[in-house]
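This report refers to the structure that appears directly beneath it.
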Amino acid sequence: MTLFSLTSSTYDAAHTPTHFERSLQSLGQEVLRMGALVEQSFRLSHQALFEQNLDALKAINQLEPQIDQYYRQIELDCARFMTLQRPVAQDLRLLSAFMHLVRDLERIGDYAQDLAEFAIKLFPYTRHDCLPEIAEMSQQAQLMLAASLEALAELDATAGKNVKRMDDVVDDAYDKLYDQLAHAKDVQGVVEPILLLGLVIRHLERMADHATNIGQRVSYIVTGQRG
């Protein structure tokens, strides 16, 4: 089963999809397109932070209006379908999950933009010793987002539990890095880089949480229960 087969027509192989069912399939494609843009934005923020690619901020700023447009249009379409089409319970569950899911995607996109701006502020400072560990945290959060979106496309009911296990790794990294930054000794000069890195790891932890939400919403679409 995939995202594009989960409509009321699933119950009858000989059924010709209705206009509403085709609209749901098209809406699912729009959600995945939005997800692809958010993934790209997340990758760019990683490049800005850990590869000092300051051109990434410009690229993210170009993506952000597209992400916001998808968010507004998908949310509007979901509300319209729920109000005017009187969907059956399974389709209503799908629409409700879409509305929540795109909010999670939109927030990840916002955080990615913030991370790139933090990268610019960090650029003049000596690179901190904990950056490689923060980079691993970022990579893990990106893997979580990719896994959640793949689960959405394939309607993998186990996604919620699988992504939650990945989130535990991010949470552990956050706790360890926060402790390192909060108890740093003999800090010379300004404390801005320490404060910025604290914001970076907090953003990454929140991005991972939103990716977890997406995986759990996929489980809800398939089973009616959060994974």
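The values are calculated or read from the model by the stated rules, or taken from the named source; none is laboratory data. Owing to the predicted nature of the structure, the values given are computational and were not obtained by experimental measurement. Ideal geometry is used to build each Cβ from the backbone, glycine not excepted, and the neighbour counts take in all protein chains shown. To get the accessible areas, we keep the full protein, side chains included, count just its heavy atoms, and leave off ligands, DNA and RNA. Shrake-Rupley method; radii C 1.70, N 1.55, O 1.52, S 1.80 Å.
Annotations for the structure displayed:
- Heavy-atom accessible area for Tyr70, with the other protein chains in place and a 1.4 Å probe, reaches approximately 50 Å².
- Gain upon complete extension [Asp175, Glu133; 0.36 nm per residue less C-alpha separation]: 13.9 nm
- Cα-Cα separations in the chain greater than 29 Å, expressed as whole percent: 33
- Only the Cβ atoms of Lys and Arg (+1) and of Asp and Glu (-1) were treated as charged; on that basis the dipole of the stretch 173-227 about its Cα centre amounts to roughly 280 debye.
- Against the criterion of solvent-accessible heavy-atom surface with a 1.4 angstrom probe, Phe123, Phe20, Phe42 sort, most first, into Phe123, Phe20, Phe42.
- Using the 1.4 Å probe convention, the accessible area of the stretch 83-164 works out to 46 Å² per residue with neighbouring protein chains retained.
- Per-pair calculated FRET efficiency, R0 = 25 Å: Val191 and Asp55 via Cβ, rounded to 0.05: 0.35
- Rounded tilt (10° steps) of 89-122 against the dominant C-alpha axis of the chain: 20
- Full extension of the chain between His183 and Gln225 yields a length gain of 11.0 nm, computed as 0.36 nm times the residue separation minus the alpha carbon distance.
- In the chain, the longest principal axis of the Cα atoms and the axis of helix 55-84 are about 30 degrees apart.
- Sequence-distant lysines (8 or more away, or on other chains) whose Cα lies within less than 26 Å of Lys176: Lys121, Lys161, Lys164, Lys185
- Accessible surface of the chain [probe 1.4 Å, protein heavy atoms]: carbon and sulfur percent: 51
- Taking all Cα pairs closer than 8 Å and separated by 6 or more residues, the relative contact order of the chain comes to 26 percent.
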